[in-house]
Amino acid sequence: MPVKTTLAILTFIGLILLPRVAPALRNYESFDPQNVRAVVDLPVPKLKDQGENDPARLAEARVNLLESRAPAHLSDPQRALDHFYESLLKGATTHILHYGDSPTTGDLITADARAMLQKEFGDGGSGFVLIARPWAWYNHRGVEMEASSWKIDIAGIATTKDGMHGLGGVSFFGTPGATAEWRLRSSHPDTIEAAYLSQPGGGSFTMDADGQELGAVDTAATAKAPGYASFKIPRGATKFTLRVKQGTVRLYGAEFLKGAGVMYSSLGINGANVTLLSRSFNERHWATELRHYKPDLVIVNYGTNESGFAQFVDKTWAPEMKEVVRRIRAALPETSILLMSPMDRGERTTGGEIETVPELPHLVDIESQVAHDTGAAFFNTYEAMGGAGTMGRWYAAEPRLVGADFIHPMPAGAKIVGELLYNALRDGYNQYKLRQLKATSTTAALEEK
């Protein structure tokens, strides 16, 4: 074997195996000889000429595959996602906020991405859940909800014009008799945190777990500001009930936390478009909320509802999306931002065919450019799922993957999109680990000289 080739192979082996002998580099491990498939789901080709178990060739093949597999349809030339990847690598709590429209409202796409991320990186908790169902189809997988006697005000169509709608964009006004109940089907969190608005004349509420009162909260304050009340959860408790005790309270939701792992909050508003975040949310209030929840990744996932309006797409879409990125970055300078394009959207032509609405590809191109201009990452959902005509193919599939409106995915279709997003983020993470391992190994080698 040529000398240069031998040296290259030995270098690869050193990079791959160094974390296994240096405990300080354990988090950078990207190859386990005993469990290859756990790292990344790529087959290693058999090496008949050199022997299937040749460690040098096996390590070289693995590195080459890791380096050559770019995240599919995920563009991140400015490495905007490095903060998110770093959080995953550290192994503490990684919080994702996913803003979107109606599919996100039903926890479609997000639930599948959440499940896969938590399977690989640990379950950090169920994330943020609203007080009650603003829409009959509002859902958070793994959480059963019951509520009564709330007045509900939704950002974008709110009668309350202060724009203070909490993290999830919905305010819930309640007086004595109003209750909210959450029952967790599988997760066992350590803490529940209720989010509310502190305000002059605010009332009070209590929180209990399996019938045991955890505490009472007074929401009265001299000025309007976000408020939070955290309660430790008794071991094994699965049913949590919030009750308005006196006066009038304005609540937003509850967050269930478990500690280390991924916590993925699905924050959908039915019928929403990008102006929800750029205009309907009070900027100062939203910034305070974002800083409190400290997300490592914010996903902005709009465009379906806008794609039916050509003038909006041409003139308004880009400036509004840039304003959203500006607001998030002003509140969270270090946080990763991912612009996620809408899925395909179909319409039936006069000839009976189901085709992509004309403005959607243009909107996706504009969003890609906005991501480039603002330094955000971009995931092209539209192309990842198949591009033009996908909803026509999905509607003809057996079983169907999209509903008769050619917009809203069925659960099986949503799972496909969730997997596409997860796979892109996973591949990006693996490449990040490889970059970090190389940089760390190089630094260590220089320090030894």
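The values are calculated or read from the model by the stated rules, or taken from the named source; none is laboratory data. Since the model is a prediction, treat every value here as computed from it, not as a measurement. Here the Cβ is made from the backbone with ideal geometry for all residues, glycine too, and neighbour counts use every protein chain on show. Please note that ligands, DNA and RNA were not included when accessible areas were found on the heavy atoms of the full protein model with its side chains. Shrake-Rupley method; radii C 1.70, N 1.55, O 1.52, S 1.80 Å.
For the reader, a short list of remarks on this structure follows.
- Filtered GluC sites (Glu not before Pro), the range 347-449: DSSP coil and at most 13 other beta carbons within 10 Å: 353
- Phi-derived couplings, Karplus 6.51 cos²θ - 1.76 cosθ + 1.60 at θ = phi - 60°, listed residue by residue for the range 410-418: 6, x, 5, x, 4, 5, 4, 5, x Hz, with x used for Gly and Pro.
- For the residue pairs 90/258; 161/322; 90/294; 232/258; 258/294, the alpha carbons lie more than 18 Å apart in 161/322.
- Less than 5 angstrom separates the built amide H of residue 169 from none of the residues sequence-distant by 5 or more or on a different chain.
- Formal net charge of residues neighbouring residue 159 (Cβ-Cβ distance under 15 Å; K, R +1; D, E -1): +1
- Rolling a 1.4 Å probe over the protein chains gives residue 196 an accessible area of about 20 Å².
- Between the beta carbons of residue 151 and residue 230, assuming R0 = 30 Å, the FRET efficiency works out to 0.75 to the nearest 0.05.
- Note on the range 273-352: the alpha carbon radius of gyration divided by the globular reference 2.2 N^0.38 Å gives 1.30.
- For the range 269-278, Karplus couplings with θ = phi - 60° (6.51, -1.76, 1.60), whole Hz, Gly/Pro x: 10, 4, x, 6, 10, 4, 5, 4, 7, 7
- Pair residue 404, residue 183: separation of 7 Å Cα→Cβ label points (nm): 3.3
- Interchain or long-range residues, amide H under 5 Å from residue 178's placed H: 244
- Net charge of Cβ neighbours under 15 Å - reference residue 123; Lys, Arg +1; Asp, Glu -1: +1
- Projected label points at residue 222 and residue 397, each 7 Å from Cα along the beta carbon direction, are separated by 5.8 nanometres.
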